[in-house]
1. Identify all aspartates and glutamates with a Cα-Cα distance to Lys164 below 16 Å; exclude those on the same chain that are fewer than 8 residues away in sequence.
2. So for each of 58-67, 120-129 I average, over its residues, the number of other beta carbons within 10 Å; can you give me the resulting order with the highest mean first?
3. Once R0 is set to 51 Å, what does the formula 1/(1 + (r/R0)^6) return for the Cβ-Cβ distance between His171 and Gln41, expressed as a FRET efficiency to the nearest 0.05?
4. Leaving out same-chain residues fewer than 8 places away, which aspartates and glutamates sit with a Cα under 15 Å from that of Lys61?
5. Nearest 0.05, what FRET efficiency do Ala14 and Gln218 give at R0 = 22 Å with Cβ-Cβ as r?
6. Out of residues 5 or more away from Gly155 or on other chains, whose amide H comes under 5 Å of its own, with H placed 1.01 Å from N in the peptide plane?
7. What net charge is computed for the residues neighbouring Ala71, neighbours being all others with C-beta under 12 Å from the C-beta of Ala71, Lys and Arg scored +1, Asp and Glu -1?
8. With a sphere of radius 15 Å drawn around the Cβ of Gly92, what net charge do the other residues whose Cβ falls strictly inside it have (Lys, Arg +1; Asp, Glu -1)?
Amino acid sequence: MSVAVGLLEAAGGASRGSRIVNLIGGAATFGHGKVIDENLQNKIRSHMDIQKERDNTKFLKAATKFFQELALRAQKAGIVMDLFVSALDQVGVLEMKAVFEQTGGFYVMTDSYGNPVFKESFRKFFEVAEEDGELKMGFLGELKLLASKEVKIQGAIGQVTAIKDKTAAAHMIADTEVGAGQTNKWYLGGLDRNKTIAFYLDIVNQVVSPQHIKVHLQFQTTYQHSNGTRRLRVTTCQRLMTPGENYRELAYGFDQETAAILTSRQAITNLQG
């Protein structure tokens, strides 16, 4: 992976998107990113081993740091890194997860490259649009969120990295951080039509007047299309705030499935942190 990133860095691809598709069939046993040595008597670390800090976790911290630094290099060079794993045992995804989480890449794991799940995923990965024959993927994605004064931005959870923007208006940033926060701008890297990101907002004034208040949000997404052109997509939405005692309107506008997903994402992020 490091060699591939180095080659694309030398090619000067920071201004144009690129991606590295990694086909992995086993755990790394050599180099800075190794997760287990070549001695077959040693087993790759398990969750319990990590909790109890056993001897077979001695490569964990160093390997995780290596892949985190590799992910930062890939970000700066505009590289998306994908992992397609075929193995019956662990391959060290815990250590490697930064390379696809921070660059917007795909992660698919199956027991064999002959598995229909892998074949279908790999085929869809290179799917092209019928209208122009271009790949259905974007690169160098960035997203900026603007909010009206009624709410503040707590953060985002997903394949995003916070971009500390000094020009961001202080009134839009909440004191409480959720996920990648303290900003209203994020680096996405790779983009496709199925990417989902959870955004968390905080209500500035909990005491809402009897009159409905309109809250406006604007999502500005910039990315490089697979044909090389730069594109900007602006999505503006409006939502109504209602008094807390108005249960009928609250129930009418409440999406329990979305609430469950957002709460789960936040809980998992808190546990990982």
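Readers should treat all values here as calculations from the given coordinates under stated rules, not as data from a laboratory. Treat the numbers as computed from the prediction; the structure is a model and nothing was measured. All Cβ positions, glycine included, derive from the backbone under ideal geometry; neighbour counts span all protein chains shown.
1. Counting by Cα, and skipping residues close in sequence, Lys164 has these aspartates and glutamates nearby: Glu142, Asp175, Glu177.
2. 58-67, 120-129
3. Step by step, r from the Cβ atoms, then E = 0.25.
4. Answer for Lys61, where 15 Å is the Cα cut-off: Asp37, Asp49, Glu53, Glu69, Glu95, listed by chain and number.
5. My answer for the efficiency is 0.20.
6. Under 5 Å from the amide H of Gly155 lie the amide H atoms of Val178, Tyr200, each far enough along the sequence or on another chain.
7. Charge balance near Ala71 sits at +1.
8. +1
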